[in-house]
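*Asks:* Below is a structure I'd like to ask you about.
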Amino acid sequence: MMKKYAILSMLVGATFLGGCVDAPKYNTKQQAFPNLYKEHPLSVLVVPAINRSTAADAPELYSTTIAQPLAEAGYYVMPLPLTNMVLQGEGVTDGAQLENVDATKFHQLMGADAVLFVTINQWDTNYYVTGGNVTVGAAFKLVSATTGEELWNYNNVVVYDTSGGSNAGGLLGAIIATALSTAMTDYVPVARMVNGTVIQTLPVGKYNARFGKDGTDQFVEKPPVKSGS
């Protein structure tokens, strides 16, 4: 039985109102992310991810999967090795150090038009009776490096099913197969799927053929879906 990917939750993080007021409903991408269409940033600086998961290596593994979908969406992604080198020179070695930093500082420091902040909330392995899965969840936020305003945000969680998929050997065999499969799962393809799914909601940049044409694309908010246990 082939392993399968299952998107369990897509939570749109567009501008929310406080208190008990419901979040506004949007019909198009331009209605959801008007600031992005006003600014049309060309270059994006991806800073180290904030890691709220229990996996110490999550930020490094995650960082290998973000540049490609951003570039395919039409943005110039400032080289991650150079970005890390400059930030390390400024004493920044952890994404959490940048959580409250004014995004305009990155325009002054590296000339970026926008900064992508990512928070890794889940990077976990789960077992249940004869099944198991690997979960990667992240929150994305694109902020203008010239005005400091939020341009776009989105949350996503992807679960990779690692069930043994075979009844050979009975219950014990299934449990062992699941444990081995889950332990050997490569998180990078899962993170790549998270990125690919989320970046599809990002209005395209100048280097994409649909630049300036996707403002009327339908924007659909999806409520969270609870995973089964």
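*Asks:* Of all the residues that make up the stretch 49-65, how many are open to solvent by 40 Å² or more (accessible area, probe 1.4 Å) and under 22 Å from Glu150 (Cβ atoms)?
*Replies:* 3
*Asks:* Let me ask something else about it. With respect to Leu11, determine if the residue is modelled with pLDDT under 50 and open to solvent by 70 Å² or more (accessible area, probe 1.4 Å). Can you show your working first?
*Replies:* Working: modelled with pLDDT under 50: yes; open to solvent by 70 Å² or more (accessible area, probe 1.4 Å): no.
Judged against the criteria, Leu11 is not a match.
*Asks:* Among the numbered criteria (1) among the hydroxyl-bearing types (Ser, Thr, Tyr); (2) more than 14 Å from the chain's Cα centre (by Cα); (3) crowded, with 19+ Cβ neighbours inside 10 Å, which single criterion is violated by Tyr76?
*Replies:* The number of the failed condition is (3).
*Asks:* Does any residue in the stretch 31-47 that is without any contact (Cβ under 8 Å) to a residue 60 or more places away in the chain and under 11 Å from Tyr76 (Cα atoms) come within less than 7 Å, Cβ to Cβ, of a residue that is open to solvent by 50 Å² or more (accessible area, probe 1.4 Å) and part of a helix (DSSP H, G or I) six or more places away or on a different chain, and which pairs are these?
*Replies:* none
*Asks:* Right, here's the next one. For the structure I just gave you, tell me whether Gly165 is at positive phi and modelled with pLDDT under 85.
*Replies:* yes
*Asks:* For the stretch 145-154, indicate whether the set of residues that are open to solvent by less than 60 Å² (accessible area, probe 1.4 Å) and in contact with a Leu (Cβ under 6 Å, 6 or more places away or on another chain) is non-empty.
*Replies:* yes
*Asks:* Further, regarding this structure: Regarding Val44, is this residue of a type in the set (A, V, I, L, M, F, W, C), farther than 26 Å from Leu80 by Cβ and either at pLDDT 55 or above or crowded, with 18+ Cβ neighbours inside 10 Å (or both)?
*Replies:* Considered against the rule, which asks whether it is of a type in the set (A, V, I, L, M, F, W, C), farther than 26 Å from Leu80 by Cβ and either at pLDDT 55 or above or crowded, with 18+ Cβ neighbours inside 10 Å (or both), Val44 comes out as no.
The values are calculated or read from the model by the stated rules, or taken from the named source; none is laboratory data. Treat the numbers as computed from the prediction; the structure is a model and nothing was measured. Virtual Cβ from ideal backbone geometry, glycine too; neighbours counted across all protein chains shown. Just the protein is used for accessible areas: all its heavy atoms, side chains included, with ligands, DNA and RNA removed. Shrake-Rupley method; radii C 1.70, N 1.55, O 1.52, S 1.80 Å.
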